[in-house]
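What follows is a short report on a single structure.
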Amino acid sequence: QVRLVESGGGLVQAGGSLRLSCAASGNIFSINAMGWYRQAPGKQRELVARIFSGSGTNYSDSVKGRFTISRDNAENTVYLQMNSLKPEDTAVYYCNVLIRWRDYWGQGTQVTVSS
């Protein structure tokens, strides 16, 4: 069993910041990557940012320069620092962990950016 607990979502004005956290526990040996996806109403789920076991990262073009992903390996926690938020960042954000190349998902946390 793999458990992912997310926190940090909420309502913020445009230009503001939020920090999301996701703590993984359970059978989490051999994590390949940890990351965040988001899904806005009527749209497909999309990758926001991902950090790999070797610390390499990749970001969606829409968030580059504004969002930063980081990871605490000792705590098996991944963070997403979101700055300069825009109304189009409004979505449910899902934590994703890739373990032995199998996806695991958190329950999602709502991020709403008002204009």
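The values are calculated or read from the model by the stated rules, or taken from the named source; none is laboratory data. None of the values given here were measured: they were computed from a predicted structure. Note: ideal-geometry Cβ built from the backbone for every residue, glycine included; neighbour counts use all protein chains shown. In case anyone asks, the SASA skips ligands and DNA or RNA and just uses the protein heavy atoms, side chains included. Shrake-Rupley method; radii C 1.70, N 1.55, O 1.52, S 1.80 Å.
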With respect to ARG102, determine if the residue is among the charged types (D, E, K, R) and more than 16 Å from SER17 (Cα to Cα).
yes
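Matching residues to (1) in a loop (DSSP other than H, G, I, E, B); (2) more than 16 Å from GLY9 (Cβ to Cβ); (3) not small (Gly, Ala, Ser):
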| residue | (1), (2), (3) |
| --- | --- |
| SER62 | yes, yes, no |
| GLY65 | yes, yes, no |
| THR68 | no, yes, yes |
| ARG71 | no, yes, yes |
| SER84 | yes, yes, no |
| TYR93 | no, no, yes |
| ASN96 | no, no, yes |
| THR112 | no, no, yes |
Output the residue which, of all residues in the range 1-26 that are within 11 Å of the chain's Cα centre (by Cα) and not in a strand (DSSP E or B), is surrounded by the most Cβ atoms within 10 Å (Cβ to Cβ).
GLY9
All but one of (1) open to solvent by 40 Å² or more (accessible area, probe 1.4 Å); (2) under 14 Å from the mean Cα position of the chain (by Cα); (3) closer than 30 Å to SER115 by Cβ; (4) without any contact (Cβ under 8 Å) to a residue 60 or more places away in the chain hold for ARG71; which doesn't?
(3)
Counting only residues that are surrounded by 15 or more Cβ atoms within 10 Å (Cβ to Cβ) and among the polar types (S, T, N, Q), the range 101-115 contains a total of 2
Here the residues within the range 27-57 that are among the hydrophobic types (A, V, I, L, M, F, W, C), under 15 Å from the mean Cα position of the chain (by Cα) and open to solvent by less than 70 Å² (accessible area, probe 1.4 Å) are ALA33, MET34, TRP36, ALA40, LEU47, VAL48, ALA49, ILE51
List every residue pair whose Cβ atoms lie under 6 Å apart, where the two residues are 6 or more positions apart in sequence or sit on different chains, the first residue falls within the range 39-58 and is modelled with pLDDT of 95 or more, and the second residue, located anywhere, is open to solvent by 80 Å² or more (accessible area, probe 1.4 Å).
GLN39/ARG45
Residues in the range 81-100: is at least one loosely packed, with under 15 Cβ neighbours inside 10 Å, out of contact with any His (no Cβ under 6 Å at 6 or more places or on another chain), among the basic types (Lys, Arg) and free of Cβ contacts under 8 Å to residues at least 12 places away in the same chain?
no
Is it the case, given these coordinates, that ARG19 is over 20 Å from MET82 (Cα atoms) and at pLDDT 95 or above?
no
